[in-house]
Every structure is written in structure tokens, then in C-alpha cells.
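Below you'll find the structure, written out as C-alpha cells, and then a few comments.
The values are calculated or read from the model by the stated rules, or taken from the named source; none is laboratory data. Everything numeric in this text was worked out from a predicted model, so none of it was measured. Glycine gets a Cβ as well: all are built from the backbone with ideal geometry, and neighbour counts include every protein chain shown.
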Amino acid sequence: MSNLIKIGIIGDFESGRQSHEATNEALNHCADYLGICLESQWLPTESLEKDIDKSVTYFDGLWCAPGEYKSIQGALNAIQFARENDYPFIGTCAGFQHTVLEYARNKLGLHDAQHTEYDPNASNLIITALSCLIGKTGKIFINKNSKVYKFYNKTEIEERFSCNFGLTPIIES
């Protein structure tokens, strides 16, 4: 292994939190599979409130992790930096939700766009609770011609849904 990839993980790491451990494991599995050296570092969201360039330009890519953030503004700053600077980026669970929130506010001009976790009474909630799915297990069907099939070697698996929030459904009248 000679190539070094540096990944900054946007989020407030909690030891023992399943989604945070899974994030670390996923990165390590990928590095092993690709035969590369990986250096990953969790970036506390409060550290991303100012001087964002200095905080993230050391990394080759950014992953906005699942979980709750101590600073929504810090997370949104890092996401905006990645979008505006065409940085390799992925957001999973809360990371995806905050990516949608950042895009709605800063690209679509929906400055009042909000996440129900921070203000359940906001006038423009674009991320809302998914109480109907929490903790439920469901079937996932995998196409035999997909890369995912190569890992599972099955066309059907069951996975537990653990995300608390999702996009607000658009209801057209």
C-alpha cells in the first residue's frame, strides 16, 4: 500500500455509537479493498464554525457522518465548502439531511429551510421525523448485475432502518 488518502469526517464522534463505528469500519474496509493507506480524522462541528478553509483543505475528501451535531452551522459550513469547491464529498443519514438543508438555503435561496430536529415549529421544514420507520427491519432487493451483489452474493437481504429523519414529502394540490 503506497497511496495515502486523507478523509475528514464531519461530525461529533461518540465512542460506542453504532453509526460512528460503522463509518470508521466502512472507510477501513474500502482502504483495504482498494489497497490504499487511509488517514481519517473526525472533525468536531464546533471546530468548523470559522476558518473553514484551514479546517478542511488538508483532506482529499469529506464525509458528513450520521448522528447529531453540536454545531449545525459548523456542519453546514463544511458542506457548503465541499459543494462550492467541488470537493469529493458524501453525506450519510444526518449528513445527507444537512446536505439537503445546506443546498436549500444557499443554492435555492430558501433561507428559512429548517430541520425539525432543531426547530419543529419552523415555517419551512424540509427535514421531518420518520417515526413510521424507526427500528423496523425491511427487505432490500439486490440486482444480480450490481456491485452490491458481489459483496452480499444474495438477491435479497434484510436491514434495520435506524435513521430518525428524512425529506419532507411534497404534497401537491
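Residue by residue through region 53-68, note down the ones that are at pLDDT below 95 and within 15 Å of the chain's Cα centre (by Cα).
Listed by number, the residues that qualify are 66, 67, 68.
Is region 129-149 home to any residue that is within 21 Å of residue 42 (Cα to Cα), in contact (Cβ under 8 Å) with a residue 24 or more places away in the chain and not in a strand (DSSP E or B)?
Step one: of region 129-149, the residues within 21 Å of residue 42 (Cα to Cα) are none.
No: zero hits.
Of (1) surrounded by 16 or more Cβ atoms within 10 Å (Cβ to Cβ); (2) farther than 19 Å from residue 130 by Cβ, residue 85 satisfies all except one. Which?
(1)
Take the residues of region 119-128 that are part of a strand (DSSP E or B) and among the polar types (S, T, N, Q): which is nearest to residue 93 (Cα to Cα)?
Here is the first cut: in region 119-128, the residues part of a strand (DSSP E or B) are 124-128.
With the extra rule that they be among the polar types (S, T, N, Q), the set shrinks to 124, 128.
Values: 124: 20, 128: 13 Å.
If we take residues in region 119-128 being part of a strand (DSSP E or B) and among the polar types (S, T, N, Q), then 128 is nearest to residue 93 (Cα to Cα).
Please state which of the following conditions residue 19 fails to meet, knowing it meets all the rest: (1) among the hydroxyl-bearing types (Ser, Thr, Tyr); (2) over 13 Å from the mean Cα position of the chain (by Cα); (3) part of a helix (DSSP H, G or I); (4) surrounded by fewer than 19 Cβ atoms within 10 Å (Cβ to Cβ).
The one condition residue 19 does not meet is (2).
Any chance you could count how many residues in region 60-107 are in contact with a helix residue (DSSP H, G or I) (Cβ under 6 Å, 6 or more places away or on another chain) and in a strand (DSSP E or B)?
4
Being modelled with pLDDT under 95 and surrounded by fewer than 17 Cβ atoms within 10 Å (Cβ to Cβ): is that true of residue 107 here? Lay out the reasoning, then the answer.
Values: modelled with pLDDT under 95: no; surrounded by fewer than 17 Cβ atoms within 10 Å (Cβ to Cβ): yes.
For residue 107, the condition - modelled with pLDDT under 95 and surrounded by fewer than 17 Cβ atoms within 10 Å (Cβ to Cβ) - is not met.
Kindly list, by first and then second residue, each pair from a residue in region 96-124 that is farther than 16 Å from residue 66 by Cα to a residue that is of a type in the set (Lys, Arg), limited to pairs with Cβ atoms under 6 Å and residues at least 6 apart or on different chains.
111/105; 113/105
Among the residues of region 150-173 satisfying the criterion of being in a loop (DSSP other than H, G, I, E, B) and among the β-branched types (Val, Ile, Thr), which is farthest from residue 113 (Cα to Cα)? Don't jump to the end; show me each part of the working.
Of the residues in region 150-173, the ones in a loop (DSSP other than H, G, I, E, B) are 153-155, 161-164, 168-173.
Pick out the ones that are also among the β-branched types (Val, Ile, Thr) and you get 155, 168, 170-171.
Numbers: 155: 39, 168: 11, 170: 14, 171: 17 Å.
That would be 155.
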